[in-house]
Structures are given as C-alpha cells and as structure tokens.
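Asks: Can you keep this structure in mind? I'll have questions shortly.
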Amino acid sequence: MPDIDASFLALPRQELAAAALQRARDLGATFAEFRLERIRSESISLRDSVLENAKDDEDLGLAVRVIHDGTWGFAAGVALTTDEAVILAEQAVNMAQVSRPINAETIELADEPTYEDASWVSSYEIDPFSVPRAEKVALLTDYSDRLLKAEGVAHVSVHVATIHECKYYANTAGTSYTQQRVRIGPDITAHAVAEDRFDSMSSVAPPAGRGWEYMTGTGWNWDEELAQIPAWLAEKMAAPAVEAGTYDVVIDPSNLWLTIHESIGHATELDRALGYEANYAGTSFATLDQLGTLKYGSPVMHVTGDRTAENGLSTVGYDDEGVAGQQWDLVKDGVLVGYQVDRRMAKKNEDVLGTPRSNGCAYADSSGHIPIQRMANVSLQPAADGPSTEELISRVKNGIFIVGDKSWSIDMQRYNFQFTGQRFYKITDGKLEGQLRDVAYQATTTDFWGSMEAVGGPQTYVLGGALNCGKAEPGQSGAVSHGCPSALFRGVRILNTTQEAGR
Amino acid sequence: MTGIQLTPQDTIERGLALAAAEGADGCVVLVAETSSTNLRWANNTLTTNGAMRGSSVTVIATVGAGEGTAAGVVGRSSVTDDSLREIVSAAITTARAAGPAEDASPLVDGTTGADWDLEPEETTVGVFEKFAPSLGESLKRATAEERRLYGFANHEVVTLYVGSSTGLRVRQALPRGYVSSTGKNTDLSHSAWVGTATRDFTDVDALALDAELTRRLGWAQRTVSVDAGRHPTILPPAAVADLMTYLFWQLDGRDAFEGRTVFSKAGGGTRLGDTLSSQPVNLHSDPAIAGLEAFAFAVARSSGGSSSVFDNGLTLAATDWIRGGKLEHLMTSRYTAGLIDAPTATPDIENYVISVDGATGSTDDLVAGLDNGLLVTCLWYIRMVDPQTLLLTGLTRDGVYLVENGEVTGAVNNFRFNESPVDLLSRFTTAGATVPSYSREWGDYFSRTATPPLLIPDFNMSSVSQAN
C-alpha cells in the first residue's frame, strides 16, 4: 500500500485543526469539524495524436463546519495559518447565527465511535503524479496512433483525468484521520465522418479508483479494445437503423452501471427522499414510508451500498463526518430495504431506518464545499451460479444487446429515463446479428427493474462508474463506482432517435 | 505551508520575473480571487449555508520547441511567495518537456488597465441583508399556508487579474447572483418553480417570488392528464434558455470543421453562412451587455477545441453567432480561426442574447393567443442524444400547464421530450420580446442569458413522466 504523501503530512494539520476547533468551542459551538484538503488533478488531452492540453492543478484549502444553537454554519478559506483557521471558525459561527432565525429544525447528529489519528490509503499501485508527463503523453499518443491509422477513422480524441486527494479531518468529538485516494478516468473516442453522416465509438473502460497502472493494462485490456474499436465504428456507420418498438434486451455492465446510478443510486439517497434536493437534482419516488415494502424490481434484484469496494471511486476509509466505510443492502429480493444516509439523517430518522448509525455517505468535493449526503458505490449483485452473457443472449428470440454508455437522462423523481449506448446488436433466435444504430431505450424505473428476468454470474461482473456526478447547491462533483453483471430484461421500449428528431 | 500571501498584482509581477529569470520565452499569469456566500432551504427551513473564499494562480510558460513554441500550464490555490517559485518552475519544466503546441501564437500584447491596482472585490453574507428577512417571512407564510418551499440563493464575486510578459495587465471584477425556488403543496402532488439572476440581490424579493409560486400552485387546483405526442407548447424565456444554452455550447468552430457537430456541412467544412432558420432570429454575445456583463477578455486555463492558452487577454468583441437566421460565426481561437478560414478569432463569451426581429409581448401574451396547448415553465436533465441533429432529451418539471382559449386552466403531468434546439429556431410560430432569463438546468453555471418566449406548434413530448 502506498504511503500518504509526505508533503501533505508536513502541513500543519493538527495545529490548524486545534485552533479552529478550540475557537468554535469558545464561541459556543456544540459540535465542530475541520477539514484540510489537497486535491491534485491533471488533465491530458490529445486531438488526432497531437497534445492539445496538459494541465496540472492543485486545490488546497481548509474548512470549518459548526453546529451552533442547533444550526449549521460553514466557512472555507485558503490561507494555511492558525489565524485563518480561527477566522473561519468565527465565520462559521457567524453564518450559523445569521441563519438561526430561518432554521426551524434543530440539527442533531447520530452517535459515532471516535477514531483517533487514523490513517487510510486507497488501493492503487502507481501514483499518476509520479509518472513523467512525457511518458504519459507518449503512451496516449501511441493509443491515438493505433486508432488513427485504421481505415475509416477520421479523428481521435483522447482525454485522461487523474486525481490525487489528501484529506485531514478532525472534530470536537475526538475523531481525526488522514486519508489519501487516487482515481483515474480515461476517455478514448474514434470518430468517422461520411458524406451524409458521422458517428463515434468510445472505449468502454470506466473510471476507476486505480493509479497509472490502469492505463498500461492493469484492470483493462487496452490492446484488445483499441484493436477492435475501428471495426466496431465501421460496422456502426454501416448499420441499419433500429425499428422502434418493444424488445427484450440484454444489457452489458458497461451500459447498465449508468442505469443503476440514475434509477437506484440517486433514488435511494435519503436526502432526496426527504426533499433536501427538491429544488435542484430532485426528490425520489422511493419515499421513506415505503421502506421494506416498495417492490423496486424483480426477485433477482439485489443491490448494495458499499464504501469499501476495492478500486471503487466512492470507496473511503472514513467519510467527511468521520464515519468508517461500510457495506449494506439497499434492495433485497426486489424490495427496498435501505438508504444512503449521513449522520444528521440517521439521527433524525433512526426509528424508521431501524438503526442509530450513519452508513458513511457524507462527502464534500473540496475544502470549499460543505459535506452533503453522497452516493456510495451502489452495485447490482450477480447470481452466485448465474449465466454468462452469451447464455443470457441465447434466451432472447427478438431483441437487442446493448454495450457502452453514451446519453442519459432521468426525471426528478427517478421514474422516467432514457439511455443510449455505444453499440447495439440485433439478437435473433438467441444469436447476435450485427449492429443497429439510432437506438435509445426508455422506461419507468420500477417497470424496468421489474422486467429483469435474470442477472448474470460473477464472471460477467464489472465495476463501472463516473467521475462527475453532480449534486447540491452550490454544485458539487462526486466520483462513484457501480458494479453489475450482464442482465436480461423483457419488453423494453426502444426508440429510433432519428425518428424522435422528426426526420 | 510557509511563506507570505501576495497580492494578485505582486503574484503576477513576481511570477513573470521568475519566468524570465528561468529562461521562459513568454509567460502569462492568471490570478482569480473568488468569494461567495449562499443560503439553501428545504421543507420550509434553512438546510445549509456558507461563506467561502478562494484564490487560484495559473502560470502559463512558453518556450521554444523546435520550429514552434511549447506551453506548460500549472495551476495552484493558496499560493505564497515561496510556492510561486515552484509553480513557475514547474510550468517551465512542463513546457520544455512538451512538443510544439499546435495552437501556438504570439502572446497577446497590451498595456496596464486603469483599474489594475485595485484590490479584489468581495461578497459577504451581508449581501442577503434585505433578502434573508423576506426569505424568513416567506418560509413562515408557507408553513402557515400549508405550502413547502425549497430553494437556493447564491452570490459570488470573481476578480480576475491577467498579466503577461508582453505587457498586458488587465483586471475585472464580476459579481453574479441567482435565486431558484420551488414550491409544493402539502401532499407534494404539485410543484411550481421560479428563478432569477441578479447582480447584487437588491432587486430580489423572496416574498414576491413566493407570491408567484403561490399563483402557479393555484393553477394546479385543476389537474389534467395529457398524453405524449406533439403539442403546441409555449416555452417561457427560462425554458428557452434551457435549450438554447446547449446550442450555444455547440458553436465550437473546430469540432464543426472536423465534421462532428450539427454545424458541420455534409461533405466537409462548416455551415458558416448557411441559413439555419427562415425566421429573423439572432444569437448575439457581447461582454458589455448591461445587466449581463461578462469578462471583456479571453480567459483560457487550458487549450481546447476552440480556446487557446495563447489567447489569454485577447479583447472580446460583440459577436453575432446567428443573424437573421444565418450562421455568422463559430467560436474560434486565433489558431482555429485560421484553420476554418474565418477572418477573425471569435472566442467564447460568457453571455448571450437571443432575439427575434419585431417580436413583442410577454409569455402571458403568448398564452392569451393560444387556443389549446401547453405552457412549460422549465426543463431538466437535458442531454444530447444525437450530435448530428443536436437532438436533446430531457424532461419538464415543476410546472406544466394546460392553456385553453387563451388562459391557463390547469396543471398537466410531466413529459420527457426529444427535440433539437436548432430545429426549434425554424419551427416556432410566435416569439415574444427578449428579456433576461435564468435557465433551470444551466443557470447555476451560466446565468447571463436573455431570451424570448416561443410558441412551438409541435413540441415532441416523447412520453409521460410520473414525477411531480
């Protein structure tokens, strides 16, 4: 396991925290927490094998959140001095005081064990920031060249984002920890341009909680995929348009992860179910009164929340309220059985939730933002002795096999969704018959998951995910993984997107 | 972290001096000082709040690379006199390791602006001095009247300083604020939404916003189910901004030139000069538009399709993207302007105005003129389905109403739509006067818009959404 970066450890973490927390106590805060965060990010982009952009950023700052007179107060700044820490504590208390008259609800937090001077590092091998820029660009140039030289590929876009996150957290209850996480997100797309149309084909490699080793073959077979993309693109350019209608579909994990994210991940966030996101991202059909009774999907549906999955983008040792990572059920045998919660929501709803504990879903995307309830790695579990993807396809007489994600959209209560993908294969009598184009699938969440006849076995399971899930006001960006097997759905509505455009 | 916090001006002067001393051929230093404050509420009570300050420094160093020029870009927050040296050094090292930049151009010349010496401007929670009490009152009223309010108020000031080794010294402070508020009835079966952009919150009255929400919730006393299909639909300015902001972001000149967007010409090149709409519709940007002021110079912390780090500080001029229905300009850096054979560079500007020549009247006037159709107050979760047609999908939310005989007569279920804003520019049958607008979907990021209400005779509601 890599060590926590020495330059971060050298920052005056404890001194800053002590100054802030003591000042908050002196001003009457009943609870206070301090974060010092350093987020290094690098973005490398190539266009047609030419380096277009390579940017190295670092965001370093500190934040204080307090509960004062039963009201939250939050302040953030950038100067790493004890004076600044004290000022932020004062500002946070001031924010609480100013806000008190319009707060109708006393803030209380669920109890949590304390963890003193704990330490945790995510699972990766090579810190991307330890690899010389030229070496990284050379590799991506090679990947670009392989695609560009293929017949029918007009342009190639390559982008890789890497993030190295260090966090120090301390609160007035006695918890303190230092945590380091690394994540990486590649995006490689080949474009074809013909006289009358254009299209693209992207790698389906998901972002991952891995280091630079991911780009050289650990966790993803780049040689194999890059060799296939031009042919996939050529086939898509020549593919017939889908005939709109109702089909049975087999969905590959490279597409299904996003449907899980939108229709289960967000829908089982308790803050949404309680209305805290009603003005922005929306609420949820999966309301708290339906816990234990809502038939979310078919009996083969088992979905977990998990802050501990290896290489998960939402995997942590401790969340931003000092809660240790955990795993729990969200949907079991097709029934809603759990939510994602933070300490405030856990305390307020412990009677209904049946537990007095937070499951560790508080996260802020930087020191400049307040922690909010954020998504764990939400994953659909495979069947222990489940079928292969080929076996699932063999059960379909007239259907479509969907691979890779592209366009996505869902309503503000997580009912109605529409997704496209990278590749769509026609299935006839249990066999693939080449690609289709202009395909989108549209459904209502519970209808869709209710139509899931079978999930694949562990051999089909892949951990997908996203780096850029948006939530909250002011907006924050979160990274989260979703594992799933291939799965078979019966009777799904398929649209022809060209017809939808009125052409 | 040791060292002394520098003023933005000192950061730039020292940064440029360090770059010259270490052998950079050229250098640009950008300093952004930000402050923001916000209030968020839900279920008739405050939920979160904050006061944040931020500071970032971006150093762009250029060095000779073969027969060209290479650039290295490094950005950091919390910069001191000690760490500035490391940043400049890292930028030069990065530039030296890079090959010639495709978009290399001479750095922008200039002089020192008259306000260069001014300190960064700041906002504080005091900006809500008038707004917060009225918000508190509206929350109490909502509780008493069995309504629920959910919303967010944000104010920020960004002060940007740009200095270059070619003498450019420009500074600009830009305030920006907005309020977005959703109202629901007690059983949560109906929603309404209002949103507005502001520069300083002196013109925002939470009670007035609540009154408008109450009026709209009143429309929901009658509810009507409407099937999916193509319906005559009035899009108020906010909903037009929801769609047209996406169109605005697709104006990238290089992507169009390479055949990847709706603005690509079949067979090669761009659609510059093509008539996109038979209607006299205009899409215009200008950093000096009163009330929608944007940065008056180009800011690029990275090079992209049609932006270039070499263009930092380039003066932005009023630009017609679409005039009289014809595509006049695409967004270009100096490099991409040459690539697509455009006469001048037309970089991105952070505002836009859509207008229709001769159009007058308000959303209410369009409603008064409609016999039977829908009024859709805002759209949500808009994503591109097909770049070739710019087909977008998304949903209506928090306020779809039935219009009968020129009046709103009830609330209607929500829909998923599939539509192209480029097509809508041709298909609208009536437009109103252009007014400042606030996009529900993008307004928190891009709020400097002005748009007209439009009547679309056949808006494609692809399916019904159960959400309310």
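Asks: Checking B:Asp81 against (1) within 14 Å of chain A (Cβ to nearest Cβ); (2) open to solvent by less than 10 Å² (accessible area, probe 1.4 Å); (3) not small (Gly, Ala, Ser): exactly one of these is not met. Which one?
Replies: Failed condition: (2).
Asks: When you scan the stretch B:153-163, how many residues do you find that are over 17 Å from B:Ala296 (Cβ atoms) and open to solvent by 30 Å² or more (accessible area, probe 1.4 Å)? Don't jump to the end; show me each part of the working.
Replies: Here is the first cut: in the stretch B:153-163, the ones over 17 Å from B:Ala296 (Cβ atoms) are B:153-156.
Filter again for open to solvent by 30 Å² or more (accessible area, probe 1.4 Å), leaving B:156.
Total satisfying the criteria: 1.
Asks: Oh, and also: Among B:Ser277, B:Ser225, which is the only one that is in contact with a helix residue (DSSP H, G or I) (Cβ under 9 Å, 6 or more places away or on another chain) and away from chain A (no Cβ under 14 Å)? Please lay out each step first, then the result.
Replies: Details: B:Ser225 fails: in contact with a helix residue (DSSP H, G or I) (Cβ under 9 Å, 6 or more places away or on another chain).
Unique residue meeting the criteria: B:Ser277.
Asks: Please determine whether any residue of the stretch A:212-233 is part of a strand (DSSP E or B), on the phi < 0 side of the Ramachandran plot and away from chain B (no Cβ under 14 Å). Walk me through how you get there before you give the answer.
Replies: Of the stretch A:212-233, the ones part of a strand (DSSP E or B) are none.
Taking every residue of the stretch A:212-233 in turn, none turns out to be part of a strand (DSSP E or B), on the phi < 0 side of the Ramachandran plot and away from chain B (no Cβ under 14 Å).
Asks: So B:Ser463 clears everything in (1) under 27 Å from B:Val224 (Cβ atoms); (2) at the interface with chain A (Cβ under 9 Å from one of its Cβ atoms); (3) touching a residue at least 60 places away in the same chain (Cβ under 8 Å); (4) crowded, with 24+ Cβ neighbours inside 10 Å except one condition, right? Which one?
Replies: B:Ser463 satisfies all of (1) under 27 Å from B:Val224 (Cβ atoms); (2) at the interface with chain A (Cβ under 9 Å from one of its Cβ atoms); (3) touching a residue at least 60 places away in the same chain (Cβ under 8 Å); (4) crowded, with 24+ Cβ neighbours inside 10 Å except (4).
Asks: Does at least one position in the stretch B:47-60 carry a residue that is out of contact with any Ser or Thr (no Cβ under 7 Å at 6 or more places or on another chain), closer than 28 Å to A:Glu37 by Cα and more than 9 Å from chain A (Cβ to nearest Cβ)?
Replies: Yes, because at least one residue in the stretch B:47-60 is out of contact with any Ser or Thr (no Cβ under 7 Å at 6 or more places or on another chain), closer than 28 Å to A:Glu37 by Cα and more than 9 Å from chain A (Cβ to nearest Cβ).
Asks: Run down B:Leu375, B:Leu390 and say which single residue is within 11 Å of chain A (Cβ to nearest Cβ) and in contact with a helix residue (DSSP H, G or I) (Cβ under 7 Å, 6 or more places away or on another chain).
Replies: Working: B:Leu375 fails: within 11 Å of chain A (Cβ to nearest Cβ).
Exactly one of B:Leu375, B:Leu390 is within 11 Å of chain A (Cβ to nearest Cβ) and in contact with a helix residue (DSSP H, G or I) (Cβ under 7 Å, 6 or more places away or on another chain), namely B:Leu390.
Asks: Taking the stretch A:402-423 on its own, how many of its residues are touching a Leu at 6+ places or on another chain (Cβ under 6 Å) and open to solvent by 10 Å² or more (accessible area, probe 1.4 Å)?
Replies: Within the stretch A:402-423, the first condition is being touching a Leu at 6+ places or on another chain (Cβ under 6 Å), and the residues that meet it are A:405, A:408, A:411.
After this cut, where a residue has to be open to solvent by 10 Å² or more (accessible area, probe 1.4 Å) as well, the list is A:405, A:408.
Summing the residues that are touching a Leu at 6+ places or on another chain (Cβ under 6 Å) and open to solvent by 10 Å² or more (accessible area, probe 1.4 Å) in the stretch A:402-423 gives 2.
Asks: Still on this structure, please answer the following. Is one or more of the residues making up the stretch B:164-178 open to solvent by less than 40 Å² (accessible area, probe 1.4 Å), closer than 23 Å to B:Asp398 by Cα and in a strand (DSSP E or B)? Let's see the steps before the verdict.
Replies: Taking the stretch B:164-178 and keeping what is open to solvent by less than 40 Å² (accessible area, probe 1.4 Å), we get B:164, B:167-178.
If we keep only those that are closer than 23 Å to B:Asp398 by Cα too, we end up with B:177-178.
Within this subset, residues satisfying the condition of being in a strand (DSSP E or B) are B:177-178.
Yes: one or more hits.
Asks: Spot the failing condition for A:Thr141; the list is (1) under 27 Å from A:Phe34 (Cβ atoms); (2) within 12 Å of another protein chain (Cβ to nearest Cβ), and only one is missed.
Replies: (1)
Asks: Okay, next question. Considering only residues that are surrounded by 15 or more Cβ atoms within 10 Å (Cβ to Cβ) and over 17 Å from B:Ala65 (Cβ atoms), which ones fall in the stretch B:8-19?
Replies: Initial filter on the stretch B:8-19 (surrounded by 15 or more Cβ atoms within 10 Å (Cβ to Cβ)): B:8-9, B:11-16, B:18-19.
Listed by number, the residues that qualify are B:Pro8, B:Gln9, B:Thr11, B:Ile12, B:Glu13, B:Arg14, B:Gly15, B:Leu16, B:Leu18.
Asks: Out of A:Ala383, A:Ala376, report the one residue that is away from chain B (no Cβ under 14 Å), hydrophobic (A, V, I, L, M, F, W, C) and touching a Ser or Thr at 6+ places or on another chain (Cβ under 8 Å). Give the steps one after another, and end with the answer.
Replies: Working: A:Ala383 fails: touching a Ser or Thr at 6+ places or on another chain (Cβ under 8 Å).
Checking each option against the conditions leaves just A:Ala376.
Asks: Scan the stretch A:77-99 and tell me whether some residue there is over 26 Å from B:Asn43 (Cα atoms), at pLDDT below 95, open to solvent by less than 30 Å² (accessible area, probe 1.4 Å) and small (Gly, Ala, Ser).
Replies: Yes.
Each row is one residue, and each column tells you yes or no for (1) within 14 Å of another protein chain (Cβ to nearest Cβ); (2) within 30 Å of B:Glu441 (Cα to Cα); (3) aromatic (Phe, Trp, Tyr).
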{"site": "A:Ser284", "(1), (2), (3)": "yes, yes, no"}
{"site": "A:Thr287", "(1), (2), (3)": "yes, yes, no"}
{"site": "A:Thr293", "(1), (2), (3)": "no, no, no"}
{"site": "A:Thr315", "(1), (2), (3)": "no, yes, no"}
{"site": "A:Asp319", "(1), (2), (3)": "no, yes, no"}
{"site": "A:Ala324", "(1), (2), (3)": "no, no, no"}
{"site": "A:Gln327", "(1), (2), (3)": "no, no, no"}
{"site": "A:Lys332", "(1), (2), (3)": "no, no, no"}
{"site": "A:Val337", "(1), (2), (3)": "no, no, no"}
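Asks: Right, something else. Which is open to solvent by 30 Å² or more (accessible area, probe 1.4 Å), at the interface with chain A (Cβ under 9 Å from one of its Cβ atoms) and at pLDDT below 95, of B:Gly99, B:Gly136? Walk me through how you get there before you give the answer.
Replies: On the way: B:Gly136 fails: open to solvent by 30 Å² or more (accessible area, probe 1.4 Å).
Checking each option against the conditions leaves just B:Gly99.
Asks: Considering only residues of the stretch A:113-138 that are open to solvent by less than 40 Å² (accessible area, probe 1.4 Å) and among the aliphatic types (A, V, I, L, M), which is nearest to A:Glu225 (Cα to Cα)?
Replies: A:Val137
Asks: Report yes if some residue within the stretch B:239-252 is within 14 Å of chain A (Cβ to nearest Cβ), open to solvent by 40 Å² or more (accessible area, probe 1.4 Å) and not in a strand (DSSP E or B); otherwise report no.
Replies: Scanning the stretch B:239-252 turns up no residue that is within 14 Å of chain A (Cβ to nearest Cβ), open to solvent by 40 Å² or more (accessible area, probe 1.4 Å) and not in a strand (DSSP E or B).
Asks: Here are B:Arg215, B:Arg230: which of them is open to solvent by 30 Å² or more (accessible area, probe 1.4 Å) and away from chain A (no Cβ under 14 Å)?
Replies: On the way: B:Arg230 fails: away from chain A (no Cβ under 14 Å).
None of the other options fit; the residue is B:Arg215.
Asks: Next question. Only one of (1) within 16 Å of B:Leu390 (Cα to Cα); (2) in contact (Cβ under 8 Å) with a residue 40 or more places away in the chain; (3) in contact with a helix residue (DSSP H, G or I) (Cβ under 6 Å, 6 or more places away or on another chain) is not met by B:Ser264, so which one is it?
Replies: The one condition B:Ser264 does not meet is (2).
This table checks each residue for (1) among the small types (Gly, Ala, Ser); (2) away from chain A (no Cβ under 11 Å); (3) part of a loop (DSSP other than H, G, I, E, B).
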| position | (1), (2), (3) |
| --- | --- |
| B:Glu350 | no, yes, yes |
| B:Ile354 | no, yes, no |
| B:Thr360 | no, yes, yes |
| B:Val367 | no, yes, no |
| B:Ile382 | no, no, no |
| B:Gly410 | yes, yes, no |
| B:Phe417 | no, no, no |
| B:Val422 | no, no, no |
| B:Arg440 | no, no, yes |
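Asks: If you check A:Ala104, A:Ala110, A:Ala75, which single one turns out to be in a loop (DSSP other than H, G, I, E, B) and free of Cβ contacts under 8 Å to residues at least 60 places away in the same chain? Steps first, answer last, please.
Replies: Working: A:Ala110 fails: free of Cβ contacts under 8 Å to residues at least 60 places away in the same chain; A:Ala75 fails: in a loop (DSSP other than H, G, I, E, B).
Matching residue, one of A:Ala104, A:Ala110, A:Ala75: A:Ala104.
Asks: Test B:Val464 against the stated conditions and say whether it is over 26 Å from A:His266 (Cβ atoms), part of a strand (DSSP E or B) and modelled with pLDDT of 95 or more.
Replies: On the way: over 26 Å from A:His266 (Cβ atoms): no; part of a strand (DSSP E or B): yes; modelled with pLDDT of 95 or more: yes.
No, not satisfied.
Asks: Now, a different point. Can you report the number of residues in the stretch B:131-160 which are more than 23 Å from the chain's Cα centre (by Cα) and in a strand (DSSP E or B)?
Replies: Initially, the stretch B:131-160 is screened for residues more than 23 Å from the chain's Cα centre (by Cα), giving B:131-149.
Filter again for in a strand (DSSP E or B), leaving B:147-149.
Total meeting the criteria: 3.
Asks: Filter the stretch B:426-442 for residues that are in contact with a strand residue (DSSP E or B) (Cβ under 7 Å, 6 or more places away or on another chain) and either surrounded by 18 or more Cβ atoms within 10 Å (Cβ to Cβ) or not β-branched (Val, Ile, Thr) (or both) and give the result.
Replies: Result: B:Arg427, B:Phe428, B:Thr430, B:Ala431, B:Thr434, B:Pro436, B:Ser437, B:Tyr438, B:Ser439, B:Arg440, B:Glu441.
Asks: Moving to a separate point now. B:Gly3 versus (1) within 23 Å of the chain's Cα centre (by Cα); (2) surrounded by fewer than 24 Cβ atoms within 10 Å (Cβ to Cβ): which is the lone unmet condition?
Replies: Single failed check for B:Gly3: (1).
Asks: Can you tell me which residue in the stretch A:48-84 is nearest to the chain's Cα centre (by Cα), limited to those that are under 30 Å from A:Arg133 (Cα atoms) and more than 8 Å from chain B (Cβ to nearest Cβ)?
Replies: First, the residues of the stretch A:48-84 that are under 30 Å from A:Arg133 (Cα atoms): A:48-62, A:78-80.
Pick out the ones that are also more than 8 Å from chain B (Cβ to nearest Cβ) and you get A:48-49, A:62.
Values: A:Asp48: 29, A:Ser49: 29, A:Leu62: 24 Å.
Residue satisfying both the conditions and the ranking: A:Leu62.
Asks: So if I check each of A:Glu390, A:Glu433, which one is assigned to a strand (DSSP E or B), farther than 30 Å from B:Ser189 by Cβ and free of Cβ contacts under 8 Å to residues at least 24 places away in the same chain?
Replies: Numbers: A:Glu390 fails: assigned to a strand (DSSP E or B).
Just a single option satisfies the conditions, and that option is A:Glu433.
Asks: Being under 21 Å from A:Tyr280 (Cβ atoms) and touching a residue at least 24 places away in the same chain (Cβ under 8 Å) is the filter here; which residues of the stretch B:50-84 pass it? Please lay out each step first, then the result.
Replies: Here is the first cut: in the stretch B:50-84, the ones under 21 Å from A:Tyr280 (Cβ atoms) are B:50-52.
Hit for the stretch B:50-84 is B:Ala51, nothing else.
The values are calculated or read from the model by the stated rules, or taken from the named source; none is laboratory data. The model shown is predicted, which means the values in this text are computed figures rather than measured ones. Using ideal geometry, Cβ is built from the backbone for each residue, glycine included, and neighbour counts are taken over all protein chains shown. The area values use the complete protein model at the heavy-atom level, side chains included, leaving out ligands, DNA and RNA. Shrake-Rupley method; radii C 1.70, N 1.55, O 1.52, S 1.80 Å.
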